[in-house]
Amino acid sequence: MSLMSNVLAFPAQPVLPRLRRPAALIRAAVAGQSQWRRDRDLRRTLRCEILPPPGKALARLRADEDRMNMARQEGAADYDMHYHVMLMIAILAESRLSSGESPRLSAIC
């Protein structure tokens with residue numbers, strides 16, 4: 001009889017809830033990936049002076065995007081479509097950066 005375990009160890013990937021957004025918003029975010037520069041754009045999107053390390057900004061970006069999406073759905077007067085697209089671009093870029101994936105510029109829709 002063997003003492004080998006049938007359990008395989010692997011690093012757990014953080015599970016983020018999937019985003020379900022209008023196709024036009026996702027297409028705009030994918031198209032914006034080619035112009036994204038983390039040092040310039042993330043600072044402006046997060047409205048901060050010091051850039052957080054890769055992977056640390058994602059939770060804040062998701063929270064800001066969730067608030068912006070609720071404003072979009074409610075038809076709020078303060079909804080800013082440009083800022084919403086910037087948040088989506090940042091989320092895609094930061095997700096790829098934190099997972100070690102290289103950016104893909106092809107459309108996903």
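The values are calculated or read from the model by the stated rules, or taken from the named source; none is laboratory data. All of these numbers come straight from a predicted model, not from anything done at the bench. Cβ atoms come from the backbone with ideal geometry, glycine included; neighbour counts cover every protein chain shown.
Yes/no per residue for (1) among the hydrophobic types (A, V, I, L, M, F, W, C); (2) surrounded by fewer than 17 Cβ atoms within 10 Å (Cβ to Cβ); (3) part of a helix (DSSP H, G or I); (4) at pLDDT 95 or above:
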site	(1), (2), (3), (4)
ASN6	no, yes, no, no
ALA29	yes, no, yes, yes
PRO53	no, yes, no, no
ARG67	no, yes, yes, yes
ALA107	yes, yes, no, no
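Search segment 28-77 for residues being acidic (Asp, Glu) and more than 15 Å from the chain's Cα centre (by Cα), and hand back the single one that is nearest to SER99 (Cα to Cα). Among residues in segment 28-77 that are acidic (Asp, Glu) and more than 15 Å from the chain's Cα centre (by Cα), the one nearest to SER99 (Cα to Cα) is ASP39.
Would a scan of segment 66-78 turn up a residue that is of a type in the set (A, V, I, L, M) and in contact (Cβ under 8 Å) with a residue 24 or more places away in the chain? Break it down stepwise before answering.
Here is the first cut: in segment 66-78, the ones of a type in the set (A, V, I, L, M) are 68, 70-71, 76-77.
Pick out the ones that are also in contact (Cβ under 8 Å) with a residue 24 or more places away in the chain and you get none.
Within segment 66-78 (the criterion being of a type in the set (A, V, I, L, M) and in contact (Cβ under 8 Å) with a residue 24 or more places away in the chain), the answer is no, since none of the residues qualifies.
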